[in-house]
Amino acid sequence: MINRKIDFSDMEWESPLSGLKSKAFKKDNKQIRLLELSIELEHPEWCETGHIGYVVEGEIEIIFDDESVKYQKGDSIYISAGKEERHIPKPITEKVILFMVEEV
């Protein structure tokens, strides 16, 4: 079956960490995620996963080894996979909504 429409409203939120909720559609080696992060999020470790995304709502800071980058509503995010691009997300506003497309 070919999925041509992904309806996030029909999916349940999952909460793998305090301050993080997500909905994900996975097919082949790709996933599309809708993320809601709150200011309470404390990411437990460095993330080395690559991300391509869009900030739907709010403002977030992504902390890298050599700098921090702030993203706000309307900004796109591109982070390559690997240790040299490891990062930690830190919400700045009470709520941040991200739309992400990733390899799995």
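The values are calculated or read from the model by the stated rules, or taken from the named source; none is laboratory data. Bear in mind that the values here come from a model prediction, so they are computed numbers and not experimental data. Cβ: placed from backbone, ideal geometry, glycine included. Neighbour counts: every protein chain shown.
Among all positions in the stretch 42-59, there is no residue which is aliphatic (A, V, I, L, M) and surrounded by fewer than 12 Cβ atoms within 10 Å (Cβ to Cβ).
Contact map, the stretch 12-32: first residue free of Cβ contacts under 8 Å to residues at least 24 places away in the same chain, second residue in a strand (DSSP E or B) and aliphatic (A, V, I, L, M), Cβ cut-off under 6 Å, separation 6 or more or different chains; pairs are Leu20/Leu37; Ser22/Leu35; Lys23/Leu34; Phe25/Ile32.
Tell me, please, whether a residue that is surrounded by 14 or more Cβ atoms within 10 Å (Cβ to Cβ), of a type outside the set (Gly, Ala, Ser) and touching a Leu at 6+ places or on another chain (Cβ under 9 Å) can be found in the stretch 10-18. No, the stretch 10-18 has no match at all.
Taking Leu41, is it modelled with pLDDT of 95 or more and not aromatic (Phe, Trp, Tyr)? Yes; evaluated as a whole, the condition is true for this residue. One residue stands out among those in the stretch 48-72 that are among the small types (Gly, Ala, Ser) and part of a strand (DSSP E or B): the one that is farthest from Pro91 (Cα to Cα), which is Gly53. Among the residues of the stretch 1-40, those identified as more than 15 Å from Met100 (Cα to Cα) and polar (S, T, N, Q) are Asn3, Ser9, Ser15, Ser18, Ser38. Scanning the stretch 18-37 for residues that are touching a strand residue (DSSP E or B) at 6+ places or on another chain (Cβ under 9 Å) and more than 19 Å from Glu59 (Cα to Cα) yields Lys23, Ala24, Phe25, Lys26, Asn29, Lys30, Gln31, Ile32. Scanning the stretch 7-23 turns up at least one residue that is touching a helix residue (DSSP H, G or I) at 6+ places or on another chain (Cβ under 9 Å), part of a strand (DSSP E or B) and not hydroxyl-bearing (Ser, Thr, Tyr).
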